[in-house]
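A.B. asks: First the structure, then my questions, so here it is.
Any read-out appearing in this document is the output of simple, stated calculations on the displayed coordinates, not a laboratory observation. Keep in mind that this is a model prediction, so the values were computed, not measured. A quick note on method: Cβ atoms are made from the backbone with ideal geometry, for glycine too, and the neighbour counts reach across all protein chains shown.
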Amino acid sequence: MSDKSSLLEARGIGKAFLGITALDAVDFTLERGEIHALLGENGAGKSTLIKILTGVYSRDHGTMRLEGAEVTPASVAEAQSLGIGTVYQEVNLLENLTVAENLFLGRQPRRFGLIDRGEMRRRSKALLQRYGLDIDVDALLSSYSVAVRQIVAIARAVDLSGKVLVLDEPTASLDAHEVEMLFSVLRRLREQGLGIIIITHFLNQVYAVADRVTVLRNGRLVGTRKLAELPRLELISMMLGRELQHITREHQAQEETVASTTEAPIRFSGYGKRGSVAPFDLDIRPGEVVGVAGLLGSGRTETAFLLFGIDRADSGTATVDNRQVAISSPEAAIANGFGFCPEERKADGIIGDFSVADNIALAVQARQGWAKPISSREKAALAESFLKSLDIRPADPNRQMKFLSGGNQQKAILARWLATEPRLLILDEPTRGIDIGAHAEILKMVEKLCADGMSLVVISSELEELTAIAHRVIVLSDRKHIAELKGEQVTADNIMQAIAAPARTEAA
Amino acid sequence: MIHTRNLPFVTTLGIFVIAYALCVLQFPNMLSTRVIGNLLTDNAFLGIAAVGMTFVILSGGIDLSIGSVIAFTSVFVAVLVGSLGVHPLVAFAAVLVISTLFGSLMGAMIRYLGIPPFVVTLAGMFLARGAAYLISTESVPISHEMIDAIQGFYFRFPGGGRLTALAMLMLLVFIVGAFIAGRTRFGANVYAIGGSQQSAELMGVPVGSTTVGIYALSGFLSGLAGIAYTLYTSSGYSLATVGVELDAIAAVVIGGTLLTGGVGLVAGTFIGILIQGLIQTYIVFDGTLSSWWTKIVIGILLFVFIVLQRGIIWYSNRRLAEGRLKEI
């Protein structure tokens, strides 16, 4: 390469959606012949950054240089022609077309204006052979495994662009052998001088394949480091945004009162589901907040899905008040007095077109059964009381849910479950994407509910949040419950140590 | 080995061959070039329209305006030629331009206003039918030496059958249609959009111009079908060809094209047309059956094919899942 400039250099990239900052002055540099991992929890801004680099979004601030020349790709096609190709996790190719058709869609070799299928077949074969793939290119893409499709997608992207390759969670649905196959392809491309950006949340894979890592958090750059010089624990602390330091808990007196001497009325033992979460034991006592910590993809949400019956456990038992129960569906979970606020508020939690009152009444209605509708007067009374007690704004029960802010939507979902007077409430990332004021209010509410004797399971990637409210913290890694921290042990430091622990055994 | 992709087409072909063989067993006369020639001529306008419909359905859309556009075209041509004395070629050119523009407009609304094809083409259906009534509510006879010449032109098969100009036009449309679908970038883009519009867009397919092109093509072929219909009946009538779009959809689906888009062949639609024609011919030969039996048999066939398509999707998904399990 003649010039000394980096392959891709982004400076001070900023982006806001509807006034909410998604990326704030992020720098990112990609060298030739480098595999660069991009890490961060959900909402950290990874995908926003990638979408800006690949022309899906336009940036509000900052500059972007490709081989020293300033570029502003306005579309995926333009980024592609500049040399930046992307492979998305799922939606990347067309399953109804053949492998060859996918490789050459939009640039089929032609003779006399008609597509030359023979030539297309030959070129496809030659192209894939460079990736060590010898397959029937005239077979439908859907007849091949995800790994093969992934490689076909990479082959197309590299053939089209040839400078920068962006991989968005390429390994999410691959097994270990397929991951290795994919990585050997990536290493070969690195040798050819390509710059590769890989988004993943599997730390082992980051260490296995990447040269450098850039960590984002809450839309800001945490840092870019060489992986060879970066201990795993430090990487985790970068991701979770917590300096390594010993902090003392503020409300230790409190958890002493929740002495573990009392018999737990809600018990899960050997509870698990193959391919989702390894079997775990969990006792939940009244007035107790159980925190669930772990990195993205460690099985946090899957644990919640199991507890609430969204996924069916294939091993273990659940006991409520010494009575064995089958939590085979959310309905059964509700019947046992459970409630669940999901992480994906917009997709799983709210019904945007329904009014606030209807949304609040939903779970009560579900518990009563559809045969006994709640009268509109009851519904109004219910909504009225919660709008007041949770301070949901605007205090208009007839407002459509989608017009509320994130924090108020979250409160309305809480209200929905509180209306059923649950004994166990599971909160998955209750404070994600809401402003600081509402954040504090929700945490305060959690403490109050627990003081009233309710049990809570809180899943969060905010360690400070967990250490502030949880009496116990379950730590997850690689879809296993690997540690349980109690009382004084509940510190951000200990949680990170626990998450990093498996790496040490691997390294040894 | 047959790829699962072509399974519906092969099934259709099999059904046609078996059905034809059964018909011939009962009425040996059905195996004559005369019957085949008539079958092609009688279904020429439907076949031409069905080619356009094939592209629309392959892209995951639907075009309900076809029957109305055919009626509009036939009335428009009949009035221009029959009442106003315009030369047929000028009239043909004029309606083809109008119907193509009409189709492009619908395509543009579907793409750029994000309105579902069902709604847009439903509106197009009423609009074209209304415009046909506006021109004339009565049947307009048409007579011109050129039209007579076209109607009188045919090749004679051995055995007395006639390959008429209309039948040749339809065959030509099918051949060109098959080339466009299978051997041009436009055709590949149609399949891509039908597979997944989002993925196609991410892969750089010009979804906008392709969508407009698909409905323009369907509009053009509806206009051409209208001309064929005018030549076939020597008249234009605004009440004619009600529901022809549904016959065309039936031919496309029986021909093995997935209603969800992305999978299918123009050749399959040809077989679909032949099967419909075969049923009609059988009813004529039998002489005692009500012609409504055509609809009943088509209905049954449609059910069979939709179930078959579901079955194929279910089967290939299961196989995929099993393959994945094995890998794990």
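A.B. asks: Pick from B:Pro141, B:Pro206, B:Pro158: which is most flexible by mean-square fluctuation in a GNM of chain B where alpha carbon atoms under 10 Å apart are linked?
C.D. replies: Among B:Pro141, B:Pro206, B:Pro158, the largest GNM mean-square fluctuation belongs to B:Pro158.
A.B. asks: Hey, another quick one. Counting pairs of alpha carbon atoms under 8 Å apart in space and at least six apart in sequence, what relative contact order in percent does segment A:5-60 give? List each step's numbers first, then the result.
C.D. replies: Working: 68 pairs, mean separation 18.9, N = 56.
Once divided by the residue count of segment A:5-60, the mean separation gives 34 percent.
A.B. asks: If you don't mind, another one. Express the C-alpha Rg of chain B as a ratio against the empirical globular expectation 2.2 N^0.38 Å, rounded to two decimals.
C.D. replies: Values: Rg = 20.4 Å, N = 328, 2.2 N^0.38 = 19.9 Å.
Cα-based Rg divided by the globular estimate yields 1.03.
A.B. asks: Another question, if that's okay. Give me the distance in nm between label points sitting 7 Å out from Cα along the Cα-to-Cβ direction at A:Arg220 and A:Asn398, one decimal.
C.D. replies: 4.4 nm
A.B. asks: Using a 10 Å cut-off on Cβ to Cβ distances, tally the other chain neighbours for every residue of B:173-186 and report the average as a whole number. Kindly include the intermediate steps, with their values, before the conclusion.
C.D. replies: On the way: counts 0, 0, 0, 0, 0, 0, 3, 1, 0, 3, 9, 5, 9, 0.
So the per-residue partner count for this stretch is 2.
A.B. asks: Something else now. How large is ³J(HN,Hα) for each residue in segment B:140-154, as worked out from phi by the Karplus curve 6.51 cos²θ - 1.76 cosθ + 1.60 (θ = phi - 60°), to whole Hz, x for Gly and Pro?
C.D. replies: For segment B:140-154, the Karplus curve yields 9, x, 9, 8, 7, 4, 5, 5, 4, 5, 5, 5, x, 7, 7 Hz.
A.B. asks: Next question. Just how many % of Cα pairs in the protein assembly as shown lie over 34 Å apart, if you round to the nearest whole percent?
C.D. replies: Above the 34 Å cut-off, the protein assembly as shown has 63 percent of its Cα pairs.
A.B. asks: To the nearest whole number, what is the average tally of beta carbon atoms from other chains within 10 Å of the beta carbons of peptide A:108-118? Don't jump to the answer; show the numbers that get you there.
C.D. replies: Values: counts 4, 0, 3, 1, 1, 4, 7, 7, 1, 2, 0.
Across A:108-118, the average partner-chain Cβ count within 10 Å equals 3.
A.B. asks: Let me ask something else. So, by mean Cβ neighbours within 10 angstrom, what's the order for B:281-293, A:304-316 with the highest one leading? Walk me through the intermediate numbers first.
C.D. replies: Numbers: B:281-293: 12.8, A:304-316: 19.5.
Per-residue mean Cβ counts within 10 Å order the peptides as A:304-316, B:281-293.
A.B. asks: Related question: Can you compute 3J(HN,Hα) from phi for each residue in segment A:66-82, using the Karplus curve 6.51 cos²θ - 1.76 cosθ + 1.60 with θ = phi - 60°, rounded to whole Hz and x for Gly and Pro?
C.D. replies: 10, 6, x, 9, 5, 10, 9, x, 9, 8, 4, 4, 5, 4, 4, 6, 6
A.B. asks: Measure nothing fancy, just the Cα-based angle from helix A:376-389's long axis to the longest principal axis of chain A, in degrees from 0 to 90, nearest 10.
C.D. replies: Approximately 80 degrees, to the nearest 10.
A.B. asks: What whole-number value in cubic angstrom gives the convex hull volume per residue for the C-alpha atoms of segment B:175-295? Don't skip to the end; give the middle numbers.
C.D. replies: Working: hull volume 15.1 nm³, N = 121.
So the per-residue Cα hull volume is 125 Å³.
A.B. asks: Anything over 26 Å Cα to Cα? Flag those among A:Lys15/A:Lys402; A:Lys51/A:Lys273; A:Lys51/A:Lys444; A:Lys125/A:Lys163, in the order listed. Walk me through the intermediate numbers first.
C.D. replies: Values: A:Lys15/A:Lys402 23 Å; A:Lys51/A:Lys273 34 Å; A:Lys51/A:Lys444 36 Å; A:Lys125/A:Lys163 22 Å.
Check vs 26 Å cut-off fails for A:Lys51/A:Lys273; A:Lys51/A:Lys444.
A.B. asks: Exactly which chymotrypsin sites (Phe, Trp or Tyr not before Pro) in segment A:49-117 are in a DSSP loop and have at most 16 other Cβ atoms within 10 Å? Numbers along the way, then the final one.
C.D. replies: Working: sites: A:Tyr57, A:Tyr88, A:Phe104, A:Phe112; in loops: A:Tyr57, A:Tyr88, A:Phe112.
Passing sites in segment A:49-117 are A:Phe112.
A.B. asks: Taking the Cβ of each residue in B:Val69, A:Val356, B:Val24, A:Val56 as the centre, tally the other Cβ atoms inside 10 Å and list the residues starting with the fewest. Show your work: numbers first, answer last.
C.D. replies: Values: B:Val69 36, A:Val356 28, B:Val24 14, A:Val56 17.
Final ranking by Cβ density, sparse to dense: B:Val24, A:Val56, A:Val356, B:Val69.
A.B. asks: Given that compact globular proteins tend to follow 2.2 N^0.38 Å, what is the ratio of the alpha-carbon Rg of segment A:370-508 to that value?
C.D. replies: That ratio works out to 1.28.
A.B. asks: In whole Hz, with x marking every Gly and Pro, tabulate ³J(HN,Hα) for segment B:235-241 from phi via Karplus 6.51 cos²θ - 1.76 cosθ + 1.60, θ = phi - 60°.
C.D. replies: 6, x, 9, 6, 8, 6, 6
A.B. asks: Cβ under 15 Å from B:Ile279's Cβ, B:Ile279 left aside: what net charge do those residues give with Lys, Arg +1 and Asp, Glu -1?
C.D. replies: Local charge sum for B:Ile279: -2.
A.B. asks: What number, in percent, do you get for the relative contact order of chain A if the mean sequence gap of Cα pairs under 8 Å and at least 6 apart is divided by its residue count?
C.D. replies: Working: 973 pairs, mean separation 75.7, N = 508.
15 percent.
A.B. asks: So what's Rg/Rh here for segment B:5-108, counting alpha carbon atoms and using the Kirkwood radius for Rh?
C.D. replies: Numbers: Rg = 18.7 Å, Rh = 16.9 Å.
Checking Rg against Rh, the ratio lands at 1.10.
A.B. asks: Right, next: Quick check: net charge around B:Thr184, other residues with Cβ under 14 Å of its Cβ, Lys/Arg +1 and Asp/Glu -1? Mind dumping the intermediate values first?
C.D. replies: On the way: positive: A:Arg107, A:Arg110, A:Arg111, A:Arg117, B:Arg183, B:Arg185; negative: A:Glu101, A:Asp116.
Neighbour charge sum, excluding B:Thr184 itself: +4.
A.B. asks: Could you tell me the calculated FRET efficiency between B:Val17 and A:Ser81, based on Cβ-Cβ distance and R0 = 45 angstrom, to the nearest 0.05?
C.D. replies: On the way: r = 49 Å, r/R0 = 1.09.
Using R0 = 45 Å, I get an efficiency of 0.40.
A.B. asks: Between beta-carbons, use under 12 Å as the cut-off and find the net charge around A:Ser355, counting Lys and Arg +1, Asp and Glu -1.
C.D. replies: Numbers: positive: A:Lys379, A:Arg399, A:Lys402; negative: A:Asp353, A:Asp358, A:Asp396.
Result for the local shell: 0.
A.B. asks: Cβ neighbours within 10 Å, averaged per peptide: list B:209-215, B:120-126 in order, most packed at the top. Please report the intermediate quantities before stating the final value.
C.D. replies: Working: B:209-215: 23.9, B:120-126: 19.7.
Ranking, from highest mean packing down: B:209-215, B:120-126.
A.B. asks: Give the distance, in whole Å, between the Cα centre of segment B:63-141 and the Cα centre of segment A:192-220.
C.D. replies: The distance from the Cα centre of segment B:63-141 to that of segment A:192-220 comes to 57 Å.
A.B. asks: Please give the average number of partner chain Cβ atoms lying within 10 Å of the Cβ of each residue in A:73-81, rounded to a whole number. Could you put the intermediate results ahead of the total?
C.D. replies: On the way: counts 0, 0, 2, 4, 6, 1, 0, 3, 1.
Rounded to a whole number, the mean comes out at 2.
A.B. asks: Between A:Val222 and residues 5 or more places away or on another chain, which pairs have amide H atoms under 5 Å apart, with H built 1.01 Å from N, and which residues are they?
C.D. replies: Residues meeting the criterion, in which the H sits 1.01 Å from N, are A:Val215, A:Leu216, A:Arg217.
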